[in-house]
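The numbers here are math on the coordinates, done by the rules we state, and not lab data. Values in this document were obtained by computation on a predicted structure and should not be read as measured data. Because the Cβ atoms are built from the backbone with ideal geometry, glycine has one as well, and the counts that use them run over all protein chains shown.
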Amino acid sequence: MGSIFFRLFLCAPMASHCSLMGSAADPAWRPEYKQPAEIKIKIGDKAGDGPLHVRTKAQLPPKELEVGDNGDGTMSVKFTPICVGKHTFELTWGEEAIPGAPLEVTVVGEVERDPSFVKVSGDGLNGGVVGTPVVLTVEAQDDAGPGPLQVEADGPTPPTIQLGKLGSGKYSVTLMMKRKGQYKVEINWGSWEYPVPGSPFKIDVTE
């Protein structure tokens, strides 16, 4: 029993024997928007068997993280950023964080947006009733690029507007009208220069 415990102890993951390499070890590293990037990690002889776990946080996380063993005592995490701004990578070896993790990098570049990949739906498009919430759903695919979602409405009286996040790329727009009449709702993706298909929407409100 003692010898079995000893072998397990030797193979236990030890994140302290792992280290970031190359660009990932450079505090000035700035990956470029929509360009392939790589986080390289040296796995020391006494690091044990791992495995390497990777999680990322960003406004729009990369679609895929390609994690691989390079066969030379290093491992790589390859990704292509689909938005600019802060990206946080949680890197653990076994259950322990690798020294230098979480790794925070800022992706730079000129943002590309395509509002044609944004869809607006919901019963609210068919009209509403005074004093009753008019709810729309906005769903943006990854190819739409980073938002944010922007909504403006006008009518007999300015309605109240509440935005909510339902999940990845999915939002709710709740409007409350105080007077009957026709309201114009403008929905844009990223800025007022990028109206989504169908915007502005005309919504008739009755009593």
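Just a few scattered comments:
- For the stretch 36-74, the set of GluC sites (Glu not before Pro) satisfying both a DSSP loop assignment and a count of at most 14 other C-beta atoms within 10 Å is given as Glu64.
- For the stretch 131-142, 3J(HN,Hα) per residue [Karplus equation, 6.51 cos²θ - 1.76 cosθ + 1.60, θ = phi - 60°, Hz, x = Gly/Pro]: x, 10, x, 9, 10, 10, 10, 10, 10, 10, 6, 4
- Applying 0.36 nm per residue to the separation of Ser121 and Val135 and subtracting their alpha-carbon distance, the gain on full extension is 4.1 nm.
- Between the amide H of Asp114 and those of Gly145, distances stay under 5 Å, these residues lying 5 or more places away or on another chain, with hydrogens modeled in the peptide plane.
- Karplus-based coupling profile of the stretch 49-54, in residue order and whole Hz: 9, x, x, 8, 10, 10, with θ = phi - 60° in 6.51 cos²θ - 1.76 cosθ + 1.60 and x standing for Gly or Pro.
- Pairs of Cα atoms farther than 21 Å apart, the chain, %: 63
- J(HN,Hα) series, the stretch 179-191, from Karplus relation 6.51 cos²θ - 1.76 cosθ + 1.60, nearest Hz, glycine and proline x: 9, 6, x, 9, 10, 10, 10, 9, 10, 10, 10, x, 6
- Given charges at Cβ of Lys, Arg, Asp, Glu: the chain dipole, positive-most of Phe117, Thr74, His17: Phe117
- Shown is the FRET efficiency for Asp69 and Thr106, computed with R0 = 41 Å from the Cβ-Cβ distance and rounded to the nearest 0.05: 0.90.
- Here the label points at Lys86 and Ala25, each 7 Å from Cα along the C-beta direction, are separated by 2.6 nm in the simple model.
- Here the calculated FRET efficiency for His53 and Lys170, from their Cβ-Cβ distance with R0 = 35 Å, stands at 0.85, rounded to the nearest 0.05.
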